[in-house]
Structure formats: structure tokens, C-alpha cells
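Q: For reference, the structure I am asking about is given below.
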């Protein structure tokens, strides 16, 4: 779509040039990155409408780049570009949060149409950019949390925890489930979750020692509930 800002991530210069030519004919603004690390640094500084991400790169593969993006709270839409078309790769990529999957080699017209479709889908989702529960409001685009209109200053992991709890109000989660959802791994220090829950309560509760919203369900885990 005209005027859209696109980040092209591929360690093959010829592929990047080809994609850039195709998209610039559609009046899209393209930025190139030749590695996963370069892409992540660009994403920290610049907002893009879409990332076109190669899977098979030298420093870190596209799966690792996407996983890092999502763990850090970056919800920029991602379309994987790869020569690999196995079902496992497709399922893994989409499961990590990719929006689509384009296999090389591709036809320019088809590629352009798929990118424009991904941008349209994301534009529609932009209309729902807030989660509201009780006195809390979560801005999913700016990744900021407000209570009764006042912003709550949270760390990156606290933001992800708050978003997760607000999206799943009333559901009890074990520590293992929280590890998998926020840290994307099974094993984290035994006290990690308790420390983050303690910190989050100190910022969202009037009386952290007697929490109203983020409650402990003894023997099971934690749940977020706005009564």
C-alpha cells in the first residue's frame, strides 16, 4: 500500500534489491537489513508497517528474530520469505506470530499482492488497539498501561505480563504457563515469577499486600481479575 514503511531482512543482497524494486513500484518506503541483529537494532529505533523476514540467515535465523521481537513487545507484522516450504517450518513460523509465509522463488505480481494483503489485514486490526479491563487500559500499539487515565511505569517484562493477564482475565495460570508465554522457555529461576508478580502488584495495586486485581490462587498459580 502506498506510503507504507517496509523493513526487508535478508542476507542475500540480490534478494533485497529485487524486493525493494517490486515494492517501490507500489510507492512503499523500503529499508534494508542484511542480518537479524541489524534488523533488531533498526526495529528498536524505527516503527515499520511490515517486516519481510528471511528465515535462513547466517547470524540468527528468522525464527529467532521473530521470537526476540515478540518477547520484547514488538508486534510489527512479519511475513516470512524463504526457500524452505516444509509444513513444519510453516507451522512453526505462524505459531511464533508470523502473519504470512512466501516461498522463494516468487513472481513479483504475486509477491506484491501478498504484501499488500498483509498490510490491509494489519490496518484493519489497528482499529482495535486498546484492551480495557476495570480501571486499566492497555495501548497495544504503544505498549503502555494506564490506570484510571494515568500511565503506569512498567519494565518490558512487566508490560508483557500485564498484557497477557488482561487478555486472559479470570484464567488461572501456573508458573510454568507464565514462563512459556512470557519468557518463551520452560525453565527460569524458581523465584523469577514471584519477583515479577511482586513488582507488578506494587505498581498496579492500592495495597500490594492485599491485592485486588492480581491474585494468588494457592496451590495453582495466579490470575488477573477486575471485579
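Q: For segment 100-227, what's the relative contact order in percent, using C-alpha pairs closer than 8 Å and at least 6 residues apart? Please list the in-between numbers first.
A: Numbers: 124 pairs, mean separation 25.3, N = 128.
About 20 percent, as a whole number.
Q: Taking neighbour Cβ counts within 10 Å as the exposure measure, how do 120, 71, 201, 45 sort from fewest upward?
A: On the way: 120 11, 71 15, 201 20, 45 6.
Listing 120, 71, 201, 45 from fewest to most nearby Cβ atoms yields 45, 120, 71, 201.
Q: Now, a different point. With springs connecting C-alpha atoms under 10 Å apart, model the chain as a Gaussian network and identify which of 135, 208, 77 has the largest mean-square fluctuation.
A: Of the options given, 135 has the highest mean-square fluctuation.
Q: Answer with a single label: of (1) -0.46, -0.66; (2) -0.63, -0.83; (3) -0.51, -0.72, which was calculated as log10 I(q)/I(0) by the Debye sum over Cα atoms at q = 0.11, 0.13 Å⁻¹ from the structure in view?
A: (2)
Q: I'd like the distance separating the alpha-carbon centroids of segment 148-227 and segment 1-25, in whole Å.
A: Each part reduced to its Cα centre gives a spacing of 40 Å.
Q: Tell me the relative contact order for the chain as a rounded percent, counting alpha carbon contacts under 8 Å between residues six or more apart. Each step should come with its number before you reach the end.
A: Working: 321 pairs, mean separation 29.4, N = 227.
Value for the chain: 13 percent.
Q: Taking the simple approach of a point 7 Å from Cα along Cα-to-Cβ for both residue 139 and residue 171, what is their distance in nm?
A: Taking the simple label geometry, residue 139 and residue 171 are separated by 2.6 nm.
Q: If you don't mind, there's one more thing I want to ask. Multiplying the sequence separation of residue 155 and residue 46 by 0.36 nm and subtracting their Cα-Cα distance, what value in nm do you get? Mind showing how you got there, number by number?
A: Values: separation 109, 0.36 × 109 = 39.24 nm, distance 1.98 nm.
Length gained between residue 155 and residue 46: 37.3 nm.
Q: Give the shape of segment 130-224 as rounded, prolate or oblate, defined through the alpha-carbon gyration tensor: a ≥ b ≥ c are the square roots of its eigenvalues, a/c under 1.5 means rounded, and otherwise the shape is prolate if a/b is larger than b/c and oblate if not. Don't skip to the end; give the middle numbers.
A: Working: a/c = 1.67, a/b = 1.35, b/c = 1.24.
Here segment 130-224 falls in the prolate category.
Q: So, in nm, how far is label residue 104 from label residue 13 when the simple model puts each one 7 Å beyond its Cα toward the Cβ?
A: 1.5
Q: Expressed in nm to one decimal, what extension gain is obtained for the pair residue 61 and residue 217 from 0.36 nm per residue of sequence separation less their Cα-Cα distance?
A: Contour length minus the Cα-Cα distance gives 52.3 nm.
Q: Further question: Tell me whether segment 5-125 comes out rounded, prolate or oblate; compute the Cα gyration tensor, take square roots of the eigenvalues as a ≥ b ≥ c, and use a/c under 1.5 as the rounded threshold. Mind showing how you got there, number by number?
A: Values: a/c = 1.18, a/b = 1.11, b/c = 1.06.
Rounded.
Q: Related question: How tilted is helix 192-204 with respect to the longest principal axis of the chain? Cα atoms for both, answer in degrees (0 to 90, nearest 10).
A: That works out to roughly 80 degrees.
Q: May I pose another question? Does anyone have the angle between helix 156-167 and the longest principal axis of the chain? Alpha-carbon axes, 0 to 90°, nearest 10?
A: Value to nearest ten degrees: 80.
Q: For the chain, what is the calculated [θ] at 222 nm in deg cm²/dmol (nearest 500), taking -39500 (n - 2.57) for each run of four or more DSSP H residues and dividing by its residue count? Don't skip to the end; give the middle numbers.
A: Details: 8 runs with 88 residues, N = 227.
Per the formula, -11500 deg cm²/dmol.
Q: Under a GNM of the chain (C-alpha, springs under 10 Å), which listed residue has the highest mean-square fluctuation: 134, 62, 36?
A: The residue with the greatest mean-square fluctuation here is 134.
Q: Another question, if that's okay. Which residue, 55, 115, 171, tops the fluctuation ranking in a GNM of the chain built on C-alpha contacts under 10 Å?
A: Looking only at 55, 115, 171, the biggest GNM fluctuation is shown by 171.
Q: Another question about this same structure. Taking the 0 to 90 degree range and rounding to the nearest ten, how far is the long axis of helix 108-125 tilted relative to the main principal axis of the chain, both from C-alpha atoms?
A: 20
Coordinate-derived values only; no laboratory data. A quick note: this is a predicted structure, and the numbers were derived from the prediction, not measured. Ideal geometry is used to build each Cβ from the backbone, glycine not excepted, and the neighbour counts take in all protein chains shown.
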